[in-house]
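See structure below.
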Amino acid sequence: MALMQVDFFSNVLGMCAQMDVILPQQTSGQIGMETKAEETFPTLYLLHGLSDDHTIWLRRTSIERYVSDMNLAVVMPTTHVGWYTDMAYGNRYWTYLTQELPQVCRSFFRGMSDKREDTFIAGLSMGGYGAFKAALGAPETFCAGASLSGALDVAELAGGEALRDAHYWHTVFGDADQIKGGPNDVFHLAEQCSRSGPMPRLYQWCGTEDGLYAQNVRMRDHLQRLGYDLTYEESPGDHQWCYWDEKIRSVLDWWKQGRGE
């Protein structure tokens, strides 16, 4: 595998941005590694949580090793604490993630497939919200999305979350009472996408001791009522990397199975 640390200018954000990128590389002689690489390859966009940045998946998991035999690129961008949203008072992280970033990556790395069926997205916590939001809000780009311990009900969080103050939530989402039914409400996006399509495949996991468990159950029930192809899993656990390191492997297995690999 090749690991690249990429600094580039984002026209959408109007500033320099960063991402780490894992690319397939056919090698021989690497001790303890099996590798696979073809001329073109699908891409996973892998999103970080609220307290982290583009380096966190490499620092807390073995994601590079996990994908070494999959002929899969992994793009890990920084989006700061913007909730993968065109902020009410701030940067346009939604436009950056769903439009500019795929275009930039495909221009830099010519082997990346530009096909919808070869592009999926996953994340944890805030990134789980971002992954479901992208899969449901930009299904023409992402054929599948996976959420691990996702913060999926931002209307609830912005209305009562103590982790950040009210000014912060207002900066990101605007008036909290306007979130429901709008473009940042994943429940609403799921309804819209179920009517207009195409409907992405979805994977969801949350620990039963996680503070976000209740909203994950609500999302599960909502998606099932709407008829999504949803793989839902839960198991004992709270909001920690020991679970996400394990479950990102489940996400990769789910992706391969969906492709018949």
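As a test of the formula, what do you get for the chain when each DSSP H run with n ≥ 4 contributes -39,500 (n - 2.57) and the sum is divided by the residue count, at 222 nm and rounded to the nearest 500 deg cm²/dmol? That comes out to -9500 deg cm²/dmol.
Can you match Rg and Dmax of the Cα atoms in Å to one of these, (1) 23.3, 88; (2) 19.7, 60; (3) 17.4, 58, based on a calculation from the structure here? Structure-derived value, by its label: (3). Loop-resident GluC sites (Glu not before Pro) (DSSP state other than H, G, I, E or B) in segment 18-82 with no more than 15 further Cβ atoms inside 10 Å of their Cβ: 34, 38, 39.
Here the Karplus relation 6.51 cos²θ - 1.76 cosθ + 1.60, evaluated at θ = phi - 60°, turns the backbone of segment 244-251 into coupling constants of 5, 4, 6, 7, 5, 5, 5, 4 Hz, with x for every Gly and Pro. Two numbers describe the Cα atoms of segment 1-94: Rg and Dmax, which are 15.1, 51 Å.
The modelled label-to-label distance between residue 256 and residue 18, using points 7 Å beyond Cα along the C-beta direction, is 3.1 nm. For the chain, a Gaussian network of Cα nodes joined below 10 Å ranks 57, 241, 169 by mean-square fluctuation, and the top entry is 241. In degrees between 0 and 90, to the nearest 10, how far off the longest principal axis of the chain does helix 213-226 point, with axes built from Cα atoms? On a 0 to 90 degree scale, this one is about 80. For the peptides 208-218, 181-191, 3-13, the ranking by packing is 181-191, 208-218, 3-13, with the highest mean count of neighbouring Cβ atoms within 10 Å listed first.
Put simply, the amide H of residue 17, placed in the peptide plane, has neighbours under 5 Å in 8, 9, 10, leaving out anything fewer than 5 places away on its chain. Output the 0 to 90 degree angle, nearest 10, between the alpha-carbon long axis of helix 186-196 and the longest principal axis computed from the alpha carbons of the chain. Once rounded, one gets 70 degrees.
Springs join every pair of Cα atoms under 10 Å in this Gaussian network model of the chain, and among 85, 141, 55 the largest mean-square fluctuation is at 55.
The listed peptides 114-123, 88-97, ordered by packing as a protection proxy, come out as 114-123, 88-97 (highest mean of other Cβ atoms within 10 Å first).
Highest mobility in the GNM of the chain, judged by mean-square fluctuation with C-alpha springs under 10 Å and restricted to 82, 127, 160, is found for 160. Bridges between two residues of the chain, per DSSP, are antiparallel at a rate of about 35%. A 1.4 Å probe run over the chain, with the rest of the protein chains in place, finds 43 Å² accessible per residue.
The values are calculated or read from the model by the stated rules, or taken from the named source; none is laboratory data. As the structure is a computational prediction, the values presented were derived from the model and not from experiment. Because the Cβ atoms are built from the backbone with ideal geometry, glycine has one as well, and the counts that use them run over all protein chains shown. Remember, those area values only see protein heavy atoms, side chains included, never the ligands or the DNA or RNA. Shrake-Rupley method; radii C 1.70, N 1.55, O 1.52, S 1.80 Å.
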